[in-house]
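Notes follow once the structure below has been shown.
The values are calculated or read from the model by the stated rules, or taken from the named source; none is laboratory data. In this text, all values refer to a predicted model and were calculated from it rather than measured experimentally. Counting neighbours? That spans all protein chains shown, and the Cβs are built from the backbone with ideal geometry, glycine included. What goes into the accessible areas is simple: the full protein's heavy atoms, side chains included, and nothing from ligands, DNA or RNA. Shrake-Rupley method; radii C 1.70, N 1.55, O 1.52, S 1.80 Å.
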Amino acid sequence: MKTVNHWIGGKTVEGASGNYGPVTDPATGEVTTQVALASAEEVDAAVQVAKEAFQTWGQSSLAARTKVLFAYRALLDANRDAIAELITAEHGKVHSDALGEVARGLEIVELACGITTQLKGELSTSVSNRVDVSAIRQPLGVVAGITPFNFPAMVPMWMFPLAVACGNTFILKPSEKDPSASVKLAELASEAGLPAGVLNVVHGDKVAVDALLAHPDIAAVSFVGSTPIARHIHTTAAANGKRVQALGGAKNHMLVLPDADLDAAADAAVSAAYGSAGERCMAISAVVAVGSIADTLVEKIRERAEKIKIGPGNDPTSEMGPLITAAHRDKVASYVKGAADQGADVVLDGTGYTVDGFENGHWIGLSLLDNVRTDSDAYRDEIFGPVLCVLRTETYEEGVDLINASPFGNGTAIFTRDGGAARRFQLEIQAGMVGVNVPIPVPVGYHSFGGWKDSLFGDLHIYGNDGIHFYTRGKVVTTRWPDPADAPAGVDLGFPRNH
């Protein structure tokens, strides 16, 4: 059986703990690989390697860093298919979706390639008599990223390219469910010329995570995952004196007004709810239909959902693949099975779905629930699967109030032809990312990604300008050079004056 080991100091390092986790092909249900799970001692060894590498990398020139990043970008581009194949094999998403994931990760690498302009400082001359003040940003040291299973290439690339571009060294702890893509990313970085120890991959479970959160030599932790874990990461890492950005779960709403193009809205709802089998924090999981259009909209969504072809991710005809594990599949199915008892109309029931020849895969069909109540489990919880809830309101104001009452505030969207309503929505809605006739408003790489409320713990969002600020710290330098003609100023115990 194939074993995925750690990547430390620019080379493969075999696991020493004796503990391994299974990696399953979601399309077949078969365990195809085992992944080494690090002990606290192994985590410490990786951190020490990264700490040593920082002594040189943190002092390296911007030109040297960007040279590596441009080479890395070229290698990633040339290996898109290979990375996507690893994602499909271990996560299950269809190949085209995996390619899209790699493309979105590449955006951040491209942002990192331009780090020379992003790290420009500020200078004020003559703030006082021959006194200049400058502001610069410097790297933190060793930083860590803990990433989820649903985007095993994209989310790591949201973190480490910017971190290393800023001069830090990085410890990546990817999901143990689909670890191979992260190792491939690290191997390509080494091939591009990234010095040994700058980017390290340590696999593990809670033991490894707790070791990272407590380690005194790690300055900052980035995390993407569920809200309960994000809250724990933030609380624990902050208590240990670390800078933290912890992105949590979501319940993203799409408000559809009566004047909307319902065909476009239905297309968007199906794409945003069921793409990547609903296993993404930016999935639309709740459509809020306003007024009399609800019946028509639900029927249009149903017609489109019934046509989606589900199958293995490596089948070019498949539009949606399986879920990551059988346990997760069963949990998702439980929300659909209990929906009717909690007042919903089950328009489509995707539970019990199988694919011929792949009966042991982690399959589930598309589910559509109408007239969902806000106190039901299907609405309150982040299901993280292909289940779309439809809620109904009579007015725009009721719809906004319903959305704002949610404890989550990751992303949201409005579908309308009314510019005034769209403008009100983007100002009144309590969410970090807003789409106007765009169902999944994931920002481009040079803007930052992150939510509000229980969808984000920490002050700074991920990538973009926020990401650069997260991986650096500011320093202000006040300088006075005496003119050769100056006489000694003498002692002055008063407060320094600027005038």
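Observations
- Checking every one of the trypsin sites (Lys or Arg not before Pro) in the range 417-464 against DSSP loop status and a limit of 13 other Cβ atoms within 10 Å picks out Arg417.
- Carbon and sulfur %, accessible surface of the range 1-69 computed with the full protein complex present, 1.4 Å: 51 percent
- Looking at the range 290-326, the trypsin sites (Lys or Arg not before Pro) that sit in a DSSP loop and have at most 11 other Cβ atoms within 10 Å of their own Cβ are Lys307, Lys309.
- Longest segment of the chain lacking GluC sites (Glu not before Pro) that sit in a DSSP loop with at most 13 other Cβ atoms within 10 Å: 15-305
- Whether the range 206-328 is rounded, prolate or oblate, judged on the alpha carbon gyration tensor where a/c under 1.5 counts as rounded: oblate
- Of Val332, Gly343, Leu366, farthest towards positive along the dipole that unit charges on Lys, Arg, Asp, Glu beta carbons give the range 327-371: Val332
- Under 21 Å of direct C-alpha separation, and excluding same-chain neighbours fewer than eight residues apart, Lys307 reaches these lysines: Lys93.
- Per residue, the accessible area of the range 338-413 comes to 41 Å², computed with a 1.4 Å probe over protein heavy atoms only.
- Pair Ala405, Phe495: separation of 7 Å Cα→Cβ label points (nm): 5.2 nm
- Average accessible surface area per residue within the range 111-223, 1.4 Å rolling probe, Å²: 29 Å²
- Val49 contributes an accessible area of around 50 Å² to the protein surface, as traced by a 1.4 Å probe with all chains present.
- Surface share of carbon and sulfur [accessible, 1.4 angstrom probe, percent] for the range 181-313: 54 percent
- The portion of the accessible surface of the range 336-451 made up by carbon and sulfur, rounded to a whole percent, is 46 (1.4 Å probe; DNA, RNA and ligands excluded).
- Förster radius 22 Å - calculated FRET efficiency between Asp205 and Thr12, Cβ distance, rounded to 0.05: 0.65
- Computed with a 1.4 Å probe over protein heavy atoms only, the accessible area of Trp57 comes to about 20 Å².
- Spacing of the two label points (7 Å from each Cα toward its C-beta) at Leu427 and Ala264, in nm: 2.3 nm
- When each of Lys177/Lys251; Lys120/Lys251; Lys206/Lys251; Lys184/Lys337; Lys67/Lys251; Lys173/Lys453 is checked by Cα-Cα distance, pairs over 32 Å: Lys120/Lys251; Lys184/Lys337; Lys67/Lys251
- Taking every C-alpha pair closer than 8 Å and separated by at least 6 residues, the mean separation divided by the residue count of the chain gives a relative contact order of 18 percent.
- For the pair Asp356 and Asp381, a Förster radius of 22 Å applied to the C-beta separation gives a FRET efficiency near 0.10, rounded to the nearest 0.05.
- Normalised per residue, the accessible area of the range 1-101 is 46 Å², obtained with a 1.4 Å probe and no contribution from ligands, DNA or RNA.
- Ordered by 1.4 Å accessible area with all protein chains kept, His461, His469 run largest first as His469, His461.
- Rounded Å value of the spacing that divides the Cα centres of the range 387-430 and the range 246-313: 14 Å
- Among Phe358, Phe54, Phe151, Phe425, the sequence by solvent-accessible area, most first, with a 1.4 Å probe is Phe358, Phe54, Phe151, Phe425.
- Only beta bridges with both residues in the chain are counted; by DSSP, about 40 percent of them are antiparallel.
- Shape of the chain, Cα gyration tensor, a/c cut at 1.5: oblate
- Site pair Thr296 and Ser96 shows an inter-label distance of 2.8 nm when each label is modelled 7 Å from Cα along Cα→Cβ.
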